[in-house]
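Just so it is clear, none of the values below were taken in a lab; they were calculated from the coordinates. Since this is a predicted model, take the numbers as computed values, not measurements. Neighbour counts are summed over all protein chains in view; Cβ atoms, including those assigned to glycine, are modelled from backbone coordinates with ideal geometry.
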Amino acid sequence: MHTAKQAKQHAKQAKHAMTGNGHSQHAGEDFEIDVRALRERAREHLDEGAVTEDYRADRDAVVHMLNDALATELVCVLRYKRHHFMATGIHAEPVAAEFAEHAAQEQDHADRIAARIVQLGGEPDFSPDSLSSRSHAEYVTCKTLRDMIRENLVAERIAIESYREMIHYLGDRDTTTRRLLEEILAVEEEHADDMRDLLDRE
Ligand SMILES: [Fe+2]
Ligand SMILES: [Fe+2]
């Protein structure tokens, strides 16, 4: 009598078993990979880099979408930086530190999005001229600490909604990009939480 754990282990081993004819077989399933054809296709289009023939999303549309997300992240870096340096008042220090931390994380998002654009064969658009018009979130300067926090919360909520839409759009057609956006979305949700907490404390 097999335990569920043993059965799972067995299925895992069978999944990795390769037969001599270059086909990988999954025990008890019809799913079969034609490894030879797969290897040939991989060699044929070397200039395509990470984009293989089975890439099911519209690559130009995804690159365009990611460039808008890149613009959004860059505008968020600039807004958080501005707020970091302009934060003054009795409660300013921890808030300014939080703004700096967020700026660094938005920069990390921008970098990861730019890297994915290149991986997809596109070009990341860092053009300062069109940055704010392509960004989903706005660059708002603000005078008071409270206004800064509120404005950042608005921007985070915009980012959250736009990432959710992008993830929905991708579905399972480009799971690598989707996973990246899901990871970024989780951080944007933390950012929004942080801003709401600060607003409550003000
Ligand atoms: Fe971000
Ligand atoms: Fe954020």
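The figures follow:
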quantity: Pair GLU48, HIS64: separation of 7 Å Cα→Cβ label points (nm); calculated: 2.1
quantity: Filtered trypsin sites (Lys or Arg not before Pro), the stretch 142-191: DSSP coil and at most 15 other beta carbons within 10 Å; calculated: LYS143, ARG173
quantity: TYR55-THR144 FRET efficiency (beta carbon distance; Förster radius 41 Å; 0.05 resolution); calculated: 0.30
quantity: Residue order, fewest to most surrounding Cβ atoms within 10 angstrom, among MET195, MET65; calculated: MET65, MET195
quantity: The stretch 56-201: radius of gyration and largest Cα-Cα distance (Dmax), Å; calculated: 15.4, 53
quantity: Sites matching GluC sites (Glu not before Pro) across the stretch 33-108 that sit in DSSP coil, with at most 12 neighbouring C-beta atoms within 10 Å; calculated: GLU53
quantity: Spatial separation of Cα centroids for the stretch 84-133 and the stretch 35-70, in angstrom; calculated: 27
quantity: Residue exposure sequence - VAL77, VAL140 - by fewest surrounding Cβ within 10 Å; calculated: VAL140, VAL77
